[in-house]
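The values are calculated or read from the model by the stated rules, or taken from the named source; none is laboratory data. The model shown is predicted, which means the values in this text are computed figures rather than measured ones. Because the Cβ atoms are built from the backbone with ideal geometry, glycine has one as well, and the counts that use them run over all protein chains shown. Quick note on the areas: whole protein, heavy atoms, side chains included, nothing else; ligands and nucleic acids left out. Shrake-Rupley method; radii C 1.70, N 1.55, O 1.52, S 1.80 Å.
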Amino acid sequence: MQFTTTREQASKLECDCLIVGLVQDQPMDENLKALDEATGGLLERLQTDKELPLKTGKTLMLHAPSGLATARLLLVGMGKAEKLDGIAYVKAAQSAGKVLRQSGAKNAHCLLAEVPVSDRNPTWKVHQAALALAHSDYIYSATKKVADDAAPATDTVSFPDGDNVEQALARSEAIAAGIQRCRDLGDAPPNICTPIYLAETAEKIAAEHADLSVEILEENQMKEIGMHSLLAVGQGSANPPRLIRLSWKGGKDDDAPLALVGKGVTFDTGGISIKPRDLMEQMKFDMCGAASVIGALEAVARLKLPINVEGVVAAVENMPDGKAYRPGDVITTLSGKTIEVHNTDAEGRMILADAIYWTGRELKPAAMVDIATLTGACVVALGHHASGIMTQNDDLAGELLAAGLEAADRGWRLPLWDDYQEQIETPFADMKNLGGMPAGSITAACLLARFAEGQRWAHIDIAGSAWRWGKPESATGRPVGMLVQWLEGHAGD
Ligand code: BES
Ligand code: MN
Ligand code: ZN
């Protein structure tokens, strides 16, 4: 989907669909009055008949509205003014996008940003409307043909021109591409999206951008340097593991980079501690942390951010096998610390222990954020609305929370107090990979923290936010929006 601007009056604009937002309990603004006049009082009549869609995300598609040059008029309810914050705005814009996608419109003109949203300026509204429409335009097609009689995708959406609108839309296109990359990878089936596939995707993206480079560590190289914890998880799989490093050099040579580290378990059976059969297919999404890192780096490269950014992906498949690692095993990690395996299904922390330590030692980042579909407990705690943020660094927590709010891709902080550390103690190793029932997301982060010592580090658990279960089931592309926003916030440092 491409975004453009126009100075043409909305009522005279020839397009396939004109998208208009309606705020509940509010008199018509200038825009709506102009449309109402052009249509000979269509909006007034709908209001009298109580047929205007006003609740958040409600829509009404009108064909061939007389007096307008557009083929369709899509009215979109934005809810009550006092409840119309950024999140409600994005929700309404996404549901408008769904209706647009199901219509025959190949292009559209979007007036959603004309509605007032508390604390949000015009360029924010344009950007988020663009992202929402792009989000809803996506239909999975990698392994299933889109039906021949399906409605067409929307190729271009225009917005009214204004201060910085064109720049805002260029930014939207870059970020939308990163989000789309994340969703494509997340949705891809595990027989296609293997560790090698993730590595090849990173290589392909790097080849498209001059200042983006890639380095891939294969099994023997990881063995040589002692990444035994990452390798332990992968050793039961016929698909060999990879450590992928994408480097964006947009800053000065000696500027310390910001680092993102992603969990890339391309399929999580649980290993010897095998998962129940029901819903196991969902564990193809266990590489969404990795996908968000790759997507964020792609967006950063398109945005040409003037900073250095490193994206590190630990890519493995977790399978039960004669060679698989087992409960009771004690693994010596890259850092030298030992981990006793109590459950092979707690594999994310095993691979991240090595990836985080390696990133700290080799890349010496100014700050490091890892992103992982790490614990079912995070879904229990926060559901699907917020990613879990855990860090001992209050400033970094504040940065990520603020970035999430700004990007309409929210996180919520859980404590990472040392009090929880005792839950992962064991007589047989420096720690065990299981913390018991209480605070499962936090004890997982406690293990990671032991490999991030001395780093400005935060962990984001996206088990609930990375994908949506129904209608249609799909990767959400989160938290690419939050991550890119956070990185952009450091572009002026
Ligand atoms: N990939 C899962 C976490 C997960 C579960 C993500 C459900 C999304 C939805 C992770 O590897 C896992 O299996 N975690 C275990 C940890 C437990 C064994 C300590 C879990 O959450 O049950
Ligand atoms: Mn697992
Ligand atoms: Zn997992």
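Listing for the model above:
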item: Qualifying residues in the stretch 339-393 (those that are among the small types (G, A, S) and under 17 Å from the mean Cα position of the chain (by Cα)) - the one nearest to P415 (Cα to Cα); result: G388
item: Pairs where the first residue, in the stretch 336-362, is in contact (Cβ under 8 Å) with a residue 12 or more places away in the chain and in a loop (DSSP other than H, G, I, E, B) and the second is open to solvent by 10 Å² or more (accessible area, probe 1.4 Å) and away from ligand 1 (no atom under 16 Å from the Cβ), C-beta under 6 Å, 6+ apart; result: K337/D430
item: Unique residue being farther than 16 Å from D461 by Cα and among the charged types (D, E, K, R) when the list is D418, D409; result: D418
item: Condition check for P320: modelled with pLDDT of 95 or more, open to solvent by 40 Å² or more (accessible area, probe 1.4 Å), in a loop (DSSP other than H, G, I, E, B) and within 15 Å of ligand 3 (Cβ to nearest atom); result: yes
item: Matching residues, the stretch 372-385, being more than 16 Å from ligand 2 (Cβ to nearest atom) and more than 20 Å from W417 (Cβ to Cβ); result: G383, H384, H385
item: Residue tally, condition within 16 Å of ligand 3 (Cβ to nearest atom), not small (G, A, S) and not in a strand (DSSP E or B), over the stretch 368-389; result: 6
item: Check on K263, touching a helix residue (DSSP H, G or I) at 6+ places or on another chain (Cβ under 6 Å), basic (K, R) and either open to solvent by 60 Å² or more (accessible area, probe 1.4 Å) or within 14 Å of ligand 3 (Cβ to nearest atom) (or both); result: yes
item: Candidate set from the stretch 468-486 (those that are modelled with pLDDT of 95 or more and surrounded by fewer than 24 Cβ atoms within 10 Å (Cβ to Cβ)); member that is farthest from ligand 1 (Cβ to nearest atom); result: Q485
item: The stretch 73-113, subset over 17 Å from L32 (Cβ atoms), among the basic types (K, R) and open to solvent by 40 Å² or more (accessible area, probe 1.4 Å), residue nearest to the chain's Cα centre (by Cα); result: K91
item: Flag for G336 being in the same structural domain as I460 (by TED's automatic domain parsing), away from ligand 2 (no atom under 16 Å from the Cβ) and on the phi > 0 side of the Ramachandran plot; result: yes
item: Tally, over the stretch 439-467, of residues that are open to solvent by less than 30 Å² (accessible area, probe 1.4 Å), polar (S, T, N, Q) and more than 16 Å from ligand 2 (Cβ to nearest atom); result: 1
item: Condition met for I356 (within 15 Å of ligand 2 (Cβ to nearest atom), assigned by TED's automatic domain parsing to the domain that holds Q423 and modelled with pLDDT of 95 or more); result: no
item: The stretch 197-224, residues that are open to solvent by 20 Å² or more (accessible area, probe 1.4 Å) and either out of contact with any strand residue (DSSP E or B) (no Cβ under 9 Å at 6 or more places or on another chain) or assigned to a helix (DSSP H, G or I) (or both); result: Y197, E200, E203, K204, A207, E208, A210, E219, N220, Q221, K223, E224
item: Hits in the stretch 30-54 (condition: exposed (fewer than 13 other Cβ atoms within 10 Å of the Cβ) and assigned to a loop (DSSP other than H, G, I, E, B)); result: G40, D49, K50, E51
item: Unmet requirement for S66, which otherwise passes all of (1) surrounded by 15 or more Cβ atoms within 10 Å (Cβ to Cβ); (2) among the polar types (S, T, N, Q); (3) in a loop (DSSP other than H, G, I, E, B); result: (1)
item: Any hit, the stretch 377-397, residues being out of contact with any strand residue (DSSP E or B) (no Cβ under 6 Å at 6 or more places or on another chain), at positive phi and surrounded by 16 or more Cβ atoms within 10 Å (Cβ to Cβ); result: no
item: Residue ID - farthest from the chain's Cα centre (by Cα), chosen from residues in the stretch 252-288 that are away from ligand 1 (no atom under 11 Å from the Cβ) and not in a loop (DSSP other than H, G, I, E, B); result: E281
item: Residue identified as open to solvent by 10 Å² or more (accessible area, probe 1.4 Å), within 23 Å of I462 (Cα to Cα), out of contact with any strand residue (DSSP E or B) (no Cβ under 9 Å at 6 or more places or on another chain) and within 16 Å of ligand 2 (Cβ to nearest atom) among D345, D278; result: D278
